[in-house]
Amino acid sequence: MSELNQYAEKVSAVVLAGGMARRMGGQDKGWVKLNGKPLIGHVLDKIKPQVGRCLINANRSMDAYGSFGLPIVSDLEGDFQGPLMGMATGLHHAATDWVLFVPCDTPNLPDDLVQRMLDQAESADAEIAVAHDGNRLQSVVALMRRDLLPSLQAALKTGERKVDRWFEQHVMTAVDFSDKPDAFVNVNSRDDLAELQQMPALLGFVAWSGTGKTTLLRKLIPLLKEQGVRVGVIKHAHHNFDVDKPGKDSYELRKAGADQMLVASHVRWALMVEEDQGDYPSLARMLSRLDHSTLDLVLIEGFKREPFPKIELHRTVLEKELIHPDDDSFIAIASDEPISPAPNLPQLDINNEQEILQFVLDYMKKQTLG
């Protein structure tokens, strides 16, 4: 049995689209458009490939939701009673041992959500697995056993409407998704939608030391700027670096014990933060420090452990093994010679900046179209 069939047999998904969306002025959130596509369309694109069957829990816009060709299930009881009622409805109609619940307004869900949720639920012998984004639980992104339906119905009859309180009655495990920046950002208001539309594309460049990552980026960034692309960069430093000079006032004040030091002039400013991030810095935390509204693209140098879209840079003269075969997040390889045997990835010429530029622009366009 293939891995995909394994999850398809065990897990069905329910997209929760039955709320009143008061903060959206009552507009059905599933049909709010992001990059020209309804939010629920983005969610279904992420979830359907991961499960065997997908249902939509909705209490209005029934014909519209029916256009997806999926079963539509309305709340077992009316009056928009909240996500717990939607979950009870999903458990009632599901046929698999496990049921995944996701909201209709979270368009960037992880491609490996089901796999990671189920693997941890089974290994922890838990009844419920809930996604954790590194800062807090995402209570409506939950995988639970279908046989919890009687317990949930009993809680609803007592007037319980708080998801977290019902979770606490069962064996629950939190699944760490802190490596997935922005995966659980949802749209509760028009401001949220505007912010989500402003999120830049992420693209990494990964290579062994000496391949020329920084040299390539120094050439690529001006070409992107000529195309009107607003570029941010995050670089992983592998040693105890410093961006200030001994003797400077800012350096001496920081070394005196300041946890944060901001230096500003009329043309630039820099914030230096003293923070122990353990053995490996958090890319998600670094991304959250950037102003997304001013960027179209964030280029990331290093962070090869992180699962985000990356290009491998390779030079045969270094005689180093290829990195991409063990990581399915790579989207291309740029080398000075054709790779043999040919990888199942686009091959670019590492010495042809125009070719790499066009690949990056095409990648950004695909991200924008969703």
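Please label the shape of the chain as rounded, prolate or oblate, based on the square roots a ≥ b ≥ c of the eigenvalues of the alpha-carbon gyration tensor (a/c under 1.5 means rounded; beyond that, a/b larger than b/c means prolate, else oblate). Prolate is the answer for the chain, as a/c is 1.5 or above and a/b outweighs b/c. Considering only Cα-Cα distances, which of the following residue pairs are longer than 26 Å: Lys37/Lys219; Lys46/Lys366; Lys46/Lys304; Lys10/Lys365; Lys29/Lys366; Lys46/Lys235? From the list (Lys37/Lys219; Lys46/Lys366; Lys46/Lys304; Lys10/Lys365; Lys29/Lys366; Lys46/Lys235), the Cα-Cα distance tops 26 Å for Lys37/Lys219; Lys10/Lys365; Lys46/Lys235. Carbon-plus-sulfur accessible fraction, the stretch 30-94 (probe radius 1.4 Å, protein heavy atoms only): 50%.
Descending by average beta-carbon neighbour count within 10 Å, the peptides 87-94, 173-180 line up as 87-94, 173-180, the highest first. Principal-axis analysis of the Cα atoms of the chain puts helix 83-93 at an angle of about 70° to the longest axis. Annotation: per residue accessible area for the chain equals 53 Å², rounded to a whole number [probe 1.4 Å, protein chains only].
What is the stretch 73-182 by shape, rounded, prolate or oblate, if you read a ≥ b ≥ c off the alpha carbon gyration tensor as root eigenvalues and call it rounded for a/c under 1.5, prolate for a/b larger than b/c, and oblate otherwise? It is prolate, given that a/c is not under 1.5 and a/b is the larger ratio. Peptides 57-63, 217-223, 204-210 ranked from most to least packed give 204-210, 57-63, 217-223, packing being the mean of other C-beta atoms within 10 angstrom over each peptide's residues.
Normalising by the residue count of the stretch 73-173, find the relative contact order in percent from Cα pairs under 8 Å and 6+ residues apart. Worked out over the stretch 73-173, it gives 33 percent.
Sequence-distant contacts, meaning Cα pairs under 8 Å at least 6 residues apart, place the relative contact order of the chain at 15 percent. Separation of the stretch 321-354 from the stretch 51-87 is 44 Å, based on Cα centroids. Annotation: peptides 323-335, 246-258, 138-150, ranked by per-residue average of other Cβ atoms within 10 Å with the highest first, follow the order 138-150, 323-335, 246-258.
Sorting the Cα pairs of the stretch 221-370 by distance into bins of 5 Å, from 0 upward, gives 2, 7, 14, 16, 18, 14, 12, 9, 6, 2, 1, 0 percent per bin.
The values are calculated or read from the model by the stated rules, or taken from the named source; none is laboratory data. All values derive from a computational prediction rather than experimental measurement. Positions of Cβ are generated from backbone atoms using ideal geometry, with glycine treated the same way; all protein chains shown enter the neighbour counts. Note: areas computed on protein heavy atoms with side chains; ligands, DNA, RNA excluded. Shrake-Rupley method; radii C 1.70, N 1.55, O 1.52, S 1.80 Å.
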